[in-house]
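Notes to accompany the following structure.
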Amino acid sequence: MTGAALGTAPAPVRRPGGGLTRRLRQLGMLAISQVGLTVLAFLTQVLLARSLPQEHFGAFMAVLSLVTLAGPVALFGVAEFWLQRFGREGPRALRWVQPSVVLILVCSGLQVAAMTAWGLLDRGDPLVGDLRVALAPVILAQAAMAVSVSALQLRGGYGQLSVLQLAPHAGRVLVAVLTGLAGWSALAAGAGYALVAVATVALSAVAIAPFWTGRVTLEGHRGAPVRPGRPPRYKHLVGGATPFMLGSLFYLVGIHLGVVVSGEFLSVRAAALLAVPMTLLTAIYVLPRVVYQQYFLAKLHRWSRSDRDAVLVAYKAGTIGMIGMGVLLGLAVAVVGRYAIPLVFGAEYRDSVPVMSLLALAIPLRFGSASVASLLTSGGLLRRKVFYQGLGAVVYLAALALAVPAFGLTGAALATVLAEAMLLVLFWTSVRRNVVAGAPLPSWAEIRRRLTKE
């Protein structure tokens, strides 16, 4: 039956390759923003490291890492949960929005209150205690930013998403510049971060508002308006979002736990020395996250239900491409970091160089894990993925407990690489068995045709 017979307008004719052009344009906008974000985040850490005494910088980074680890509990997995629900339900998923926002506000409020109380009551190190109080609002800002990013991703608003992500990092750079020029203390810098956090929450609320009111157009769901239905019970929301919360927490454990442990059990100087290479790794790890979390994840949720060939393309091309990119970046970091760290951060951070060389081994492992883990998230195997992440976090914690007392910062780096290697093996094995399941993989010619079709 023709479109005219149905009373609908004929579909617009698209030029071949238009799909690839659109994808590259959207990824390009995200890439540009992520490059800017990475540069700003890195510049912030450099300026703070050069402006603050090493011990104060170590205290600042140890508390900031702790606050970052608290973020996933405050967010409670809502950002990724939205991607899953909207990918499966389309506009009907609007029924989850208001309960989700309430859940975030409750969890964030409890986290901020707990961090503030800890800082006020534990005065063993007054600077560390005061920094806990000053940086507590960052917890809410992290949650608000994550949800707003998912909201803009669902709308296909990649340009707005790029601007929104850059804003708080630009504010932090301003704080770092003022710390250097005006001679601010670590506590004053923490207060500046808190002001940036308040502004971030306000900007995020604007991005989330259309979902709250239900007046939003979703990318890939452009049919007639659909009534969202009755809001779900909170037990269903908590049950569905918990795996995402745990997954985000375990992800951040692999980045920040080493700095926290080093600061608590070695010294704040050790935390500073480890924070420098981990800052570099955090910047590099943004690349797979922007590809899979901010661009492909919602699409993978759709493909997992209706397009198995696309999933196989993502498995082969994505995994090989990400590991290859990780190897190249790891080599570059190991070679360039030897000279760049003392030059950029100062001669007092020369002891970070051997730690960076070891941590460079984790880069291709993390890139490969990001690719295969995305197929578990979108393929109905989320709980299995989270179990593997939890197992990796336990192994990482045990390795830190054994290696840090024996080998110091070298032990922390070795524990990080060990945990990343184990995660990649677990994820890859599970995807081969449960997602690919013996299916013939597409040839590179087929992959090229798939990427360049309409």
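Points to keep in mind about this one:
- Listed peptides 273-281, 165-173 by packing density, highest first (mean Cβ within 10 Å): 273-281, 165-173
- Distance between the C-alpha centres of segment 325-376 and segment 92-108: 37 Å, rounded to the whole angstrom.
- Whole-number accessible area per residue in Å² for segment 158-208, which is evaluated in the context of all protein chains at 1.4 Å: 43
- Segment 200-212 - phi-based ³J(HN,Hα) in whole Hz, Karplus 6.51/-1.76/1.60, Gly and Pro as x: 5, 4, 5, 5, 5, 4, 5, 5, 7, 3, x, 6, 5
The values are calculated or read from the model by the stated rules, or taken from the named source; none is laboratory data. On a predicted model such as this, the values are computed, not experimentally measured, just so you know. So basically every Cβ, Gly included, is an ideal-geometry build from the backbone, and we count neighbours across all protein chains shown. Ligands, DNA and RNA are excluded from the accessible area calculation, which covers all protein heavy atoms including side chains. Shrake-Rupley method; radii C 1.70, N 1.55, O 1.52, S 1.80 Å.
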